[in-house]
1. Compute the distance from the alpha-carbon center of segment A:23-80 to that of segment A:98-114, in whole Å.
2. What net charge do the residues around A:I60 carry, taking every other residue with its C-beta under 12 Å from that of A:I60, with Lys and Arg at +1 and Asp and Glu at -1?
3. Mind checking the dipole of chain A: about its Cα centre, +1 per Lys or Arg Cβ, -1 per Asp or Glu Cβ, Debye to the nearest 20?
4. Using only Cα atoms, tell me the angle between helix A:296-313 and the longest principal axis of chain A; keep it within 0 to 90° and round to the nearest 10.
5. Restricting to Cα pairs below 8 Å that are 6+ residues apart, what does the relative contact order work out to for chain A? Please round to a whole percent.
6. Would you please classify the overall shape of segment A:1-56 from the alpha carbon gyration tensor, given that a ≥ b ≥ c denote the square roots of the eigenvalues, rounded means a/c under 1.5, and beyond that prolate means a/b larger than b/c while oblate covers the rest?
7. Which ³J(HN,Hα) values in Hz, rounded to whole numbers, follow from the phi angles of segment A:12-26 under the Karplus curve 6.51 cos²θ - 1.76 cosθ + 1.60, where θ = phi - 60° and Gly and Pro get x?
8. How long are the semi-axes of the equivalent ellipsoid of segment A:4-103, defined as square roots of 5 times the Cα gyration tensor eigenvalues? Whole Å, largest first.
Amino acid sequence: MLLVNFIRQQADYVKERLSVRHFKQLQLVDELISLDESRRKWQVERDELQSKVNAASKEIGSLMRTGDTAGAEKLKAEVAAWKQQMEATAEIDVIEKQMHDILVQIPNLPSPLVPAGKTPEDNVVVREGGVVPAFGFTAKPHWDLVAQRGLIDFELGNKLTGSGFPVYRGKGARLQRAMIQYFLDYNTAAGYLEVQPPLMVNEASAYGTGQLPDKEGQMYHATVDNFYLIPTSEVPLTNIYRDEIVKETELPVRMTAYTPCFRREAGSYGKDVRGLNRLHQFDKVEIVQLVQPEKSYEALDEMVAHVERLIQSLELPYRILRLCGGDMGFTSALTYDFEVFSAAQEKWLEVSSVSNFESYQTNRMKIRHKDAHGKTQLLHSLNGSSLALPRILAALLENNQTEKGGIRIPAALHPSLGADSI
RNA sequence: GGAGAGUUAUCCGAGUGGUUGAAGGAGCACGCCUGGAAAGUGUGUAUACUCCUAAAGGGUAUCGCGGGUUCGAAUCCCGCACUCUCCGCCA
């Protein structure tokens, strides 16, 4: 969430930036500021009364010790009067709750680099690479390819759990493992610490990264224990540093993790969800960074270049989009999406999203460090997929199919797969 | 799942109603000492909100979390979370 003091001091700038997102409820900004004003007024009053009560209580203590019961009783009566006055200041709690409810509705401010558009068509292509294959035959979509060679069984997943929970088998399972291994090795070689986090988190963690209260319906909820299945490893990874003041020597924090991700995808349907395009459980290797504020955009560029090289090594045609204001995630200040071209479906599939959240997440989670002047300051958080597996798999299969029915595997995956085709 | 014990500042740890934001030790920072270092020694060492134009300096809150009793709570009471020990179960 945004910092209240910042909103108060830069109200016009905040509104101007929010309008880049086409955020409609700009009146929330003014409401927040006026709530904050009355909150501070009440707080001064409450603090002053409490100060009197505290002083009187100390005096009562010493009066009792000297045996001056009458004096003590007189002071007690005064304290009682002050406490009655303090009851009115309970208003603060109401105001603070209102402020909080507003704060969680205000999205992050887009960085100046964010294009002003409204829909996905307005996203800016910043780079393209790779070659879209030309087939001399009719290319098959991945759901046919995996069914023919028994790599993935969607029907079996329906039986075991439900739709969107595929069963990978044989070489299909092996290829998943090979990709995970390759991605993790690639990330750790670049200095990311490998982490295996819990796949379920408590309410505080889900709240910390912003899944709650906003996207409650998107997570699977184990209600008996009140745990949430993680929709991405970003949640446990970032929460590792919740309520921490990170030592300067530990910065920048760079972590990577492979986890399954669980998403209810409530409301999704139709052809976009066919095959591997949209699943309830899928595998993803994530990268997360926590850095000093002045270095976060440098870190973002570096993460984008890192993911780009990984996709290049998989020999897939790709493009990098800078998301426009209307298409960005709620908590992000700047996002680059990576898409690969799926040759049989003839469409671009999003395989990674790399974002700088600036201090939006770290403010909520109180992830801080001491700056050069010894002052406590929020860090910036960034994360990205490196990479999400299902759509990469879809593109690999579709793009590398041969007329005879084989599938070529890019050289980068040969060592971990132990084969050059499937 | 059952029974018991516990949760205090960066860490260890004292503290069972009244100058306790909290003893003591360690760590860390700076200084003295030293040719240099160690040892020794001195000083300092939380976070959030808030008042003040700002600094300086105040005020309030925080001893797992939330609530209650009281003039006053780390200390008493209730609820919850977590940790440890024993028993049970178990990959």
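The values are calculated or read from the model by the stated rules, or taken from the named source; none is laboratory data. The structure displayed is predicted, hence computed values, not measured ones. Cβ atoms come from the backbone with ideal geometry, glycine included; neighbour counts cover every protein chain shown. SASA here: full protein model, heavy atoms, side chains in, ligands and nucleic acids out. Shrake-Rupley method; radii C 1.70, N 1.55, O 1.52, S 1.80 Å.
1. Cα centroid of segment A:23-80 versus Cα centroid of segment A:98-114: 32 Å apart.
2. Once all neighbours under 12 Å are counted, the net charge is 0.
3. 700
4. Roughly 20 degrees between the two axes.
5. Once divided by the residue count of chain A, the mean separation gives 20 percent.
6. prolate
7. Residue by residue, segment A:12-26 yields 5, 4, 4, 5, 4, 5, 5, 6, 4, 7, 6, 6, 8, 8, 5 Hz.
8. 45, 11, 8
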